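A quick write-up on the structure given underneath.
No value in this document is a laboratory result; all are computed from the given coordinates. The shown structure was predicted, so the numbers you read here are calculated from the model rather than taken from an experiment. A quick note on method: Cβ atoms are made from the backbone with ideal geometry, for glycine too, and the neighbour counts reach across all protein chains shown.
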Amino acid sequence: MSQNPFLRVRKEMGLTVAEFAAAVGLGSSTILLLEKGAILTPRIPLQKIAELGYDSEKLGQEYSAWRKELGDSIRSSMSFQKGA
């Protein structure tokens, strides 16, 4: 599976979660939720990251694709038994 684009950006910058959160003006918990894929539409985080010079449209598309890939992976790993 590909890497979460928010995690990739943070790692490229060489920042901890707390440092990245401070750099973009968000809470550490928001960054952790993004990196877990728990935020469906990260409008505000994308706006904040755009202020640092990143292409927010591309990052948003990559995040959506990554979340879909994550969901597909989770669903394929689940086994359901008939009649259970």
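Side notes on the structure shown:
- Identity of the residue in region 35-76, surrounded by 15 or more Cβ atoms within 10 Å (Cβ to Cβ) and β-branched (Val, Ile, Thr), that ends up nearest to Val17 (Cα to Cα): Ile49
- Residues within region 42-62 that are under 10 Å from the mean Cα position of the chain (by Cα) and more than 18 Å from Ser28 (Cβ to Cβ), tallied: 3
- Output for region 18-45, where each listed residue is assigned to a helix (DSSP H, G or I), touching a Phe, Trp or Tyr at 6+ places or on another chain (Cβ under 8 Å) and not β-branched (Val, Ile, Thr): Leu34, Glu35, Pro45
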